[in-house]
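Structure first, commentary second.
The values are calculated or read from the model by the stated rules, or taken from the named source; none is laboratory data. Predicted, not measured: the structure shown is a model, and the values here were computed from it. As a convention, Cβ positions derive from the backbone with ideal geometry for all residues, glycine included, and neighbour counts pool all protein chains shown.
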Amino acid sequence: MSKEKPMNELPVMQEGEGIVLFYPHVPPSAIEAVTEVLKGRWIGQGPRVARFEKEFEAKFGQGNRALAVGSGTDALHLAYILAGLKEGDEVITPVFTCTATTIPFLYMGVKFRFADVDPETLNINVNHVRELINDKTKAIVCVHYGGLPCDMDELTALAKEHGIPIIEDAAHALGATYKGKPIGSISDFTMFSFQAIKNITTGDGGMLTIRNHDLMPKAERIRWFGIDRSNKQKGIWENDIWEVGYKYQMTDIGAAMGLAALHEFDKTLAYRQNLFQVYRKELAGARGIKLLGVDATDRTHAAWLLTALVERREDFMRKLREKKIESGQVHYRNDRYSILGGRRDDLPFMDAIEDNYIVLPLHLHMKVEDVEYICNVIKAGW
Ligand SMILES: Cc1ncc(COP(=O)(O)O)c(C=O)c1O
């Protein structure tokens, strides 16, 4: 386990005090749209949720359907169920991710094997997936870390060879593309998060894109206790529940925010991607720091996180904090958590970088000059 002292030993930076790591983006049109919703009949799941799903699938699905839910974690849990995973089944899933990718396996009694990182991107290491995969493997989960798509051709080939689905955790990757295809259009299931600080926020919320349209009735039912809600509303529901469902729906309040953000998404994505490129240009060749995932040419980065490997990370963070710049690790290797089975010993790339990776500020409350300032602080050394 890393011996580093916890970051909370550094003073927490207050808003207005400097450049914070994250800041939610809520477009003014979202505030108007939510106000409209609050004056109307549907504030829970209503027509705006259906509209958000339609517009989302048109933009990112390329024929895949979309299901709006209350969080990205809800979307993952539903994806795991819809992929047919059952108690005792085995999956391969990345060690380096938000706990939300892994925790739903505990709800279901699914066994998971952690795959190592690719040290150049922190995405799942395809060679390790190849080593781990066997006849018991029932699905591959991958996370597009920071917004950079994983090696989807290689993962898809492995999944096909074994006749198993891929579930993409694209919580970071709204707007990313892989070989010209939008993330959301490639695999059996792709999950997105609209939690407070994501590329689109609905306060909390998520979306699941689903390739097999025949799964939609089940997906809609288990999003809502197992009840066939549309038939119930028409008064023709047979009034039985025969499978376990959850309360995982999105509300019209959230969907109004999502629609407003979706309508300006190309602009906000381009803004983030430009800040990302400024970092890239300014820090090219800088000593003691290496940006990750910035050189891909066959895929585009959704610019949610800007991650680097740095020497002497704690000193680096202190120096930045002195200059009123927040930085952080954001995610941790999941095998640090005892509930997830504790430390594994077959993850050499994760071991090698765990004390060196760092995330730098990147959000819509920043200007190009803020990035230049951060880069100048870094270039002055720590
Ligand atoms: C990689 C990853 N997966 C899943 C989630 C869960 O999404 P949510 O917070 O919307 O439940 C998050 C973060 O929020 C995440 O970063």
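Within this structure, ARG113 fails the test of being more than 16 Å from the ligand (Cβ to nearest atom) and crowded, with 23+ Cβ neighbours inside 10 Å.
Within the range 73-87, the set of residues being within 8 Å of the ligand (Cβ to nearest atom) and under 17 Å from ILE166 (Cβ atoms) comprises ALA75, LEU76.
To keep it simple, each residue is scored yes or no on (1) among the hydrophobic types (A, V, I, L, M, F, W, C); (2) away from the ligand (no atom under 16 Å from the Cβ); (3) crowded, with 17+ Cβ neighbours inside 10 Å.
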site: LYS39; (1), (2), (3): no, yes, no
site: ALA50; (1), (2), (3): yes, yes, no
site: GLY61; (1), (2), (3): no, yes, yes
site: GLY70; (1), (2), (3): no, no, yes
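Filtering GLY163, GLY203, GLY175, GLY184 for residues that are at positive phi and out of contact with any helix residue (DSSP H, G or I) (no Cβ under 8 Å at 6 or more places or on another chain) leaves a single hit, GLY163. Here GLU311 meets the list (1) of a type outside the set (Val, Ile, Thr); (2) closer than 21 Å to THR121 by Cβ; (3) surrounded by 14 or more Cβ atoms within 10 Å (Cβ to Cβ); (4) away from the ligand (no atom under 16 Å from the Cβ) almost entirely, failing just condition (3).
Considering every residue within the range 358-366, establish whether at least one is closer than 17 Å to PRO119 by Cβ and either of a type outside the set (A, V, I, L, M, F, W, C) or not assigned by TED's automatic domain parsing to the domain that holds CYS98 (or both).
yes
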